[in-house]
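Quick notes on the structure that follows.
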Amino acid sequence: MESTAPFFLALLWVFIGLLMLIGGGEAVIYGATRLARRLGITPFVIGLTVVAFGTSIPELFISLIASLQGHPDIMIGNIIGSNIANVGLILGCCAILAPLRLELKEVWTELLIVIAASIFVLLCSGYGRFPRIVGFAFVLSLISYTYLTYANRRNGDGDDQALSGSGNGRRQPFLITLAIVTGIALLGVGSTIFIDGAVSVARHFGISELIIGLTLTAVGTSLPELASSIAALRQRESGMLIGNVIGSNMFNLLMVFGLTGMIHPFSLDPELLRRDLPVMFAFTIVLIPMLRQDGTTRRWHGILLCSAYGLYCFSLL
């Protein structure tokens with residue numbers, strides 16, 4: 001949709017995109033939860049991998065297109081802004097709605113990976129460029145992590161009853177696959193439609209492309225995570241919810257940055273990253289004390305995260 005599209009049509013796209021995101025989030029969580037039970041894998045691991053990677057597809061496509069079209073600032077803003085929104089907006093909103101329980105030791109490895117990747121990006125920003133070799137290392141790291149996670153985090157009790165259960169047993173694999181694929185497709189298309197509409201609305205009011213990348217595009221590409229997280233919250237799968245958020249941030253850094261750098265190495269603006277990357281780093285670090293005490297978030301944690309995110313967005317304007 002062109003930026004000159006009528007204002008009312010842009011608002012319509014925003015509304016349609018939101019509806020598709022809600023439906024897609026419900027479908028992905030429905031299929032992922034049942035997939036975890038059939039494979040004997042915890043919902044947390046499914047959230048870290050299947051749900052997180054699926055809901056991060058919009059960031060991947062938008063970042064690749066932005067980089068190939070010569071707009072690295074939009075790509076960088078999209079990734080960093082999405083990671084900030086995942087914790088500040090999504091996890092914050094969900095923590096306000098209900099307590100989230102997940103012990104720190106269960107997510108410690110993933111948090112360290114996100115922190116290490118952030119440090120590498122910061123070092124690359126000092127160099128001024130994200131080289132192809134670092135992109136290759138990022139992608140290889142994510143592939144290795146995914147394999148080791150599935151190999152080491154199985155429940156070990158296998159859901160034999162689900163495999164041999166009722167007469168719908170033979171149809172279940174098809175329905176699970178259909179739900180996940182349909183949900184991911186709705187999330188991808190819905191986020192694209194929403195972003196097109198939101199960007200048109202933003203340009204109607206004269207907002208710059210950099211601010212669009214760090215806010216509207218970042219929030220728009222994070223809406224699949226928001227939709228799937230709220231769906232997980234409704235189904236009382238807080239482990240899948242937190243796994244989705246942290247896994248999405250890990251995917252954004254390792255796969256989106258990595259694959260984009262492999263295909264088309266890009267320049268990094270030290271001034272841009274000096275402001276925004278430390279904010280993303282801080283939103284990651286704050287999860288450690290939140291989950292350290294007893295593994296349960298409080299409502300004031302959510303209020304703190306949302307307030308911090310609001311202040312960050314206000315500082316951009």
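I want to confirm something. Restricting to segment 123-138 and keeping residues that are surrounded by fewer than 19 Cβ atoms within 10 Å (Cβ to Cβ) and touching a residue at least 24 places away in the same chain (Cβ under 8 Å), which single residue is nearest to R275 (Cα to Cα)?
It comes out as G126.
Could you look through segment 32-43, keep only residues that are touching a Gly at 6+ places or on another chain (Cβ under 8 Å) and closer than 14 Å to N244 by Cα, and pick out the one that is modelled with the lowest pLDDT? Step by step, filter segment 32-43, then rank; the result is P43. Determine if segment 251-258 includes at least one residue that is farther than 17 Å from M75 by Cβ and either assigned to a helix (DSSP H, G or I) or of a type in the set (A, V, I, L, M, F, W, C) (or both). The answer is no, given that none of the residues of segment 251-258 is farther than 17 Å from M75 by Cβ and either assigned to a helix (DSSP H, G or I) or of a type in the set (A, V, I, L, M, F, W, C) (or both). For segment 63-84, the criterion of being touching a residue at least 60 places away in the same chain (Cβ under 8 Å), under 15 Å from the mean Cα position of the chain (by Cα), buried (at least 18 other Cβ atoms within 10 Å of the Cβ) and over 25 Å from I207 (Cα atoms) is satisfied by no residue at all. Close Cβ contacts (under 6 Å, 6 or more residues apart or on different chains) running from residues in segment 219-244 that are under 24 Å from I76 (Cα atoms) and among the basic types (K, R) to residues that are at pLDDT below 80 and part of a helix (DSSP H, G or I) are absent. Looking only at segment 215-236, decide whether some residue is at pLDDT below 75, farther than 29 Å from A185 by Cβ and in a helix (DSSP H, G or I). Checking segment 215-236: not a single residue is at pLDDT below 75, farther than 29 Å from A185 by Cβ and in a helix (DSSP H, G or I). In the set G88, G169, only one residue is over 18 Å from V256 (Cβ atoms) and at pLDDT 80 or above; that residue is G88.
Beta carbons closer than 7 Å, at least 6 apart along the sequence or on distinct chains, pair a first residue in segment 185-207 that is over 17 Å from G25 (Cα atoms) and in contact (Cβ under 8 Å) with a residue 60 or more places away in the chain with a second that is surrounded by fewer than 22 Cβ atoms within 10 Å (Cβ to Cβ) and among the hydroxyl-bearing types (S, T, Y) for V199/S3; S200/S3; R203/S3.
Out of E110, E106, report the one residue that is at pLDDT 85 or above, within 20 Å of the chain's Cα centre (by Cα) and within 21 Å of S238 (Cα to Cα). Every option except E110 fails the conditions. When the test is whether a residue is within 27 Å of L48 (Cβ to Cβ), surrounded by fewer than 14 Cβ atoms within 10 Å (Cβ to Cβ) and either modelled with pLDDT of 75 or more or among the aromatic types (F, W, Y) (or both), L186 does not pass it. Flag not set for G243, criterion: at pLDDT below 75, part of a helix (DSSP H, G or I), within 16 Å of the chain's Cα centre (by Cα) and under 29 Å from P99 (Cβ atoms). Tell me which residues, restricted to segment 15-31, are under 20 Å from V219 (Cβ atoms) and at pLDDT 75 or above. Result: F15, I16, G17, L19, M20, G23, G24, V28.
Number of residues in segment 288-303 that are buried (at least 17 other Cβ atoms within 10 Å of the Cβ), at pLDDT 80 or above and not in a helix (DSSP H, G or I): the value is 1.
The values are calculated or read from the model by the stated rules, or taken from the named source; none is laboratory data. Because the structure is predicted, anything quoted here is derived from the model rather than measured. So basically every Cβ, Gly included, is an ideal-geometry build from the backbone, and we count neighbours across all protein chains shown.
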